[in-house]
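The values are calculated or read from the model by the stated rules, or taken from the named source; none is laboratory data. Just so you know, these numbers come straight off a predicted model, no measurement behind them. Cβ placement follows ideal geometry from the backbone for every residue including glycine, while neighbour counts extend to all protein chains displayed.
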Amino acid sequence: MKKIIKGVIGVSFILLLSACQNFTTSKKPIEASEEKKIQGPLLAQVNNWRIGLEDFEKELKALEPLAKQQNIDINNYEFKRRVLNELVRNVLLAEEAKFRGLDKEADFIEALDNYKQRLLAQKLVEEETVDITVTEAEIEEFYERNKEFFRNPEEIKVREIVVNSESEAKDLYIRLLQGESFSSLATQYSVADSKDKGGDLGYISYDPSKKFKKFWEIALALDKGEVSNIFKGEDGKFYILKVEDKRGGKIAPLSEVKEKIREALKIDKTNKRIEELINSAKQKSEVVINEDLLR
């Protein structure tokens, strides 16, 4: 059992360390002529690569959400030691790669340039959108203008009797009019799977993939406690429905959807800000695209 637990923890740790890769590779080994200012006491050094305690703790903090998902305490000594070991291992490999001249190869330089472009674009977007906020007034205005969007789907509690012939359906319908129990007749005579529950389908909401259109049209039109007329389904069988209850169909209060609205508006504002940035950059740049080559 201990081996199994250690194995699971090991896998989780490996997955978590994959999130460290950006951090590991972003710490550029400094040249002899450079002086790198580290945050806090020197924690580790590999040749000219150095990391301070405060830098390391910041990176651990960034890993915390993922660590929590795997029940790992980022303040645990063993965890911190293993993360640091992984950083050192990666730096050693990177140093060896540079020693072999791999950083001078064309494909590496091209990949590095592409990465720098993406990183610069991301940095610009972060700086230009960090101040974006959504006010309470904006949330309330959006809610008032889009209330129907927040309407909960109506659910109906339905019982059904399903038989193969119209004559049998008529006989059962007469017995219902005479006061016999819908659930008892469904249990005795219905050919649907719901017969074992007295025809009870429970609370259901509109879903054309589960029931045919006519079923929904009739069920939604019935009042609570009302029994439908006989109708023929798309499967050729004959149906009688009874609606026992209705719920939902109400608009969710603002308090329930406020944070979703806030997030949606923030995303919308962010996207607009990014488009403004791109359009501004376009005006200062020459962009040529050969559409024929895309076809």
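Just to be sure I understand, how many residues within the range 237-266 are assigned to a helix (DSSP H, G or I) and among the aliphatic types (A, V, I, L, M)? Lay out the reasoning, then the answer.
Start the filter on the range 237-266 by keeping residues that are assigned to a helix (DSSP H, G or I), which leaves 254-266.
Now drop any that are not among the aliphatic types (A, V, I, L, M), which leaves 254, 257, 261, 264-265.
Summing the residues that are assigned to a helix (DSSP H, G or I) and among the aliphatic types (A, V, I, L, M) in the range 237-266 gives 5.
Tell me, which residue of the range 110-157 that is aromatic (Phe, Trp, Tyr) and closer than 25 Å to Lys258 by Cα is surrounded by the fewest Cβ atoms within 10 Å (Cβ to Cβ)?
Quick first cut of the range 110-157, residues aromatic (Phe, Trp, Tyr) only: 115, 142-143, 149-150.
Narrowing further to those that are closer than 25 Å to Lys258 by Cα: 142-143, 149-150.
Details: Phe142: 19, Tyr143: 18, Phe149: 12, Phe150: 16.
For the range 110-157, the residue satisfying everything is Phe149.
Any residue at all in the range 213-234 that is of a type in the set (D, E, K, R) and part of a strand (DSSP E or B)? Let's see the steps before the verdict.
From the range 213-234, those of a type in the set (D, E, K, R) are 213-214, 217, 223-224, 226, 232, 234; that's our starting set.
Among the residues that remain, those that are also part of a strand (DSSP E or B) are: 232.
Yes: the range 213-234 contains one or more residues that are of a type in the set (D, E, K, R) and part of a strand (DSSP E or B).
Out of all the residues in the range 35-50, which are at pLDDT 85 or above and β-branched (Val, Ile, Thr)?
Val46
Condition test on Glu244, is it touching a residue at least 40 places away in the same chain (Cβ under 8 Å) and either of a type in the set (Val, Ile, Thr) or surrounded by 14 or more Cβ atoms within 10 Å (Cβ to Cβ) (or both)? Walk me through how you get there before you give the answer.
Working: touching a residue at least 40 places away in the same chain (Cβ under 8 Å): yes; either of a type in the set (Val, Ile, Thr) or surrounded by 14 or more Cβ atoms within 10 Å (Cβ to Cβ) (or both): yes.
For Glu244, the condition - touching a residue at least 40 places away in the same chain (Cβ under 8 Å) and either of a type in the set (Val, Ile, Thr) or surrounded by 14 or more Cβ atoms within 10 Å (Cβ to Cβ) (or both) - is met.
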